[in-house]
Amino acid sequence: MDNLIKKNIKSIKNLIKIGLKEDFNDVGDITSSAIFSSEKGKCQIFAKQEGVLAGIDVAELVFSIVDKKILFIKHKLDSDKIYKNDLIASIEGNVKSLLKAERTALNFLGYLSGIATKTAEFVEISEGRIKILDTRKILAGYRVLAKYAVRCGGGINHRFGLYDMVMIKDNHIDAAGGITNAVNKVRLKYGKKYKIEVETRNINEVKEALILNVDRIMLDNMDLDQIKEALKIIDNRIETEVSGNIDKDKLLKLKDYMPTYVSIGSLTHSVKSFDFSMKYLK
């Protein structure tokens, strides 16, 4: 199990319990309870498409929380490339427990594998020339899992929250009266404790941030000509990050400009769930 998952295991279990509570309410699975009692059975989870796996340990946790006696056998691990009809896991135990856990487990597995798969597609396009970053555009409660899934797909995590890196964005700049004033105030308060990234919207702001020798300059929502000019001015003296409506076509063009990073919100905020199915073995 990944260290990030281990470190946040309590909150992940709580999230799973919320999902199970939504399914059970205070009643339970009325369909399975009517049909089965103590029967034992076996099920298998299969991939229904090609992609990258993420969330297999979370799926195992779902079954364990429903019934600690369930045996969960993993045939594939997170970050593995998987193909249509690949066997992902085999599960044995009380039939009612297997069916109670099915949808919640597949929901986590599908969402996280969807993120990993989409991330891997962008990583492949970048050909190692640009590092692919995620963002904080993630549904509340899922941040640790979503960012973990990005790493399974070969991406890199940006800051986790407002607490681990200074990012001076457009609203900070406008409210503070400019980049210089904002950066100076941050340095006065924290010294060199945190890295400082500055979001820039035009070439003049790029030049101002460069003079201040911040740790990273974000080129936000600039067109390709502006990005090219900005990167030429920066000349690899500090890290750069391109952000704003990055799709595959734009990334194809950006890889020739070679900024340090490209951050992509769609990796997590509008991902298509990966398709898995769980089949009962007769």
Distance between modelled label sites at Asp235 and Tyr280, nm, 7 Å Cα→Cβ extension: 7.1
FRET efficiency, Asn25 to Leu139 (Cβ-Cβ, R0 22 Å, nearest 0.05): 0.50
Fluctuation leader among Ala209, Ala176, Ala146 - the chain, Gaussian network, Cα springs under 10 angstrom: Ala176
Spread of Cα-to-Cα distances over 10 Å intervals beginning at zero, given as percent, for the stretch 7-135: 12, 38, 32, 13, 4, 1
GluC sites (Glu not before Pro) within the stretch 96-196: DSSP coil, no more than 14 neighbouring Cβ in 10 Å: Glu127
Förster radius 25 Å - calculated FRET efficiency between Asp67 and Asp164 (Cβ-Cβ, nearest 0.05): 0.10
Extended-chain gain in nm, criterion 0.36 nm per residue less alpha-carbon gap, Arg201 and Met258: 18.6 nm
Extent along principal axes [Cα atoms of the stretch 124-269; Å; largest to smallest]: 38, 37, 23
Modelled FRET efficiency - R0 25 Å, Ala176 with Asn3, Cβ distances, 0.05 increments: 0.10
Net lengthening on full extension, Ser266/Asn245 (0.36 nm per residue, minus Cα-Cα): 6.7 nm
Relative contact order of the chain, defined on C-alpha pairs under 8 angstrom at six or more residues apart (%): 22
Angle between the chain longest axis and helix 95-126 axis [Cα atoms, degrees, rounded to 10]: 30
Label corresponding to log10 I(q)/I(0) by the Debye sum over Cα atoms at q = 0.11, 0.13 Å⁻¹ when calculated from the structure given, among (1) -0.63, -0.85; (2) -0.82, -0.97; (3) -0.71, -0.88: (3)
Around Arg136: net Lys/Arg minus Asp/Glu count, Cβ-Cβ under 12 Å: +3
The chain: antiparallel DSSP beta bridges as a percent of all, rounded to 5: 50
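Loop-only trypsin sites (Lys or Arg not before Pro) in the stretch 216-267, please: DSSP not H, G, I, E or B, and at most 10 other Cβ atoms within 10 Å.
Numbers: sites: Arg216, Lys228, Lys232, Arg237, Lys248, Lys250, Lys253, Lys255; in loops: Arg237, Lys255.
Passing both the DSSP loop test and the Cβ count: Arg237.
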Potential extension, Asp215-Lys228 segment - 0.36 nm per residue separation minus Cα distance: 2.7 nm
Alpha-carbon centroid distance for the pair the stretch 230-265 / the stretch 54-94, whole angstrom: 37
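A short reminder: the numbers here are calculations on the coordinates, not readings from a lab. Note that the coordinates shown come from a computational prediction; the quantities given were computed from them, not determined experimentally. Glycine gets a Cβ as well: all are built from the backbone with ideal geometry, and neighbour counts include every protein chain shown.
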